[in-house]
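Worksheet: the structure to be examined is printed underneath.
The values are calculated or read from the model by the stated rules, or taken from the named source; none is laboratory data. The structure displayed is predicted, hence computed values, not measured ones. Positions of Cβ are generated from backbone atoms using ideal geometry, with glycine treated the same way; all protein chains shown enter the neighbour counts.
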């Protein structure tokens, strides 16, 4: 079944729908700044688990982050685990550049 993912900025989340259904099958909440997007929570309805909804949410949102030049902070365990298993997305991860001088 095809999964359609859309960004809903007014709700600060990506939403996934399955097979053209109007009901949200899953979502990924985020906090966005000019340079960074932090993914804080992902949820997939129990009826849609195992259908690739979570992976579609992550892949679509990370591809958008790459296109927009944003770094990614994966505080959501699902995002962190997915990125850890997909090396081609690890370059998006936020790295603190601040240095404390003694």
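Considered as a group, the residues in the range 30-48 that are over 19 Å from residue 67 (Cβ atoms) and free of Cβ contacts under 8 Å to residues at least 24 places away in the same chain include one that is nearest to the chain's Cα centre (by Cα), and that residue is 43.
If the condition is being surrounded by fewer than 15 Cβ atoms within 10 Å (Cβ to Cβ) and in a strand (DSSP E or B), then the range 33-51 contributes 36, 41.
A search for C-beta distances below 9 Å between a residue of the range 60-74 that is in contact (Cβ under 8 Å) with a residue 40 or more places away in the chain and any residue that is exposed (fewer than 14 other Cβ atoms within 10 Å of the Cβ), counting only pairs 6+ apart in sequence or on different chains, returns 60/6.
Of the residues examined, residue 69 is one that is surrounded by fewer than 12 Cβ atoms within 10 Å (Cβ to Cβ), at pLDDT 95 or above and more than 11 Å from the chain's Cα centre (by Cα). In the range 1-24, the residue that is farthest from residue 51 (Cα to Cα) out of those that are free of Cβ contacts under 8 Å to residues at least 40 places away in the same chain and assigned to a loop (DSSP other than H, G, I, E, B) is 12.
With the structure loaded, tell me whether residue 100 is at pLDDT 95 or above and either in a loop (DSSP other than H, G, I, E, B) or under 15 Å from residue 1 (Cα atoms) (or both) or whether it fails that test.
It is false that residue 100 is at pLDDT 95 or above and either in a loop (DSSP other than H, G, I, E, B) or under 15 Å from residue 1 (Cα atoms) (or both).
Any residue at all in the range 72-86 that's over 12 Å from the mean Cα position of the chain (by Cα), surrounded by 11 or more Cβ atoms within 10 Å (Cβ to Cβ), part of a helix (DSSP H, G or I) and at pLDDT 95 or above? Yes, the range 72-86 contains at least one residue that is over 12 Å from the mean Cα position of the chain (by Cα), surrounded by 11 or more Cβ atoms within 10 Å (Cβ to Cβ), part of a helix (DSSP H, G or I) and at pLDDT 95 or above.
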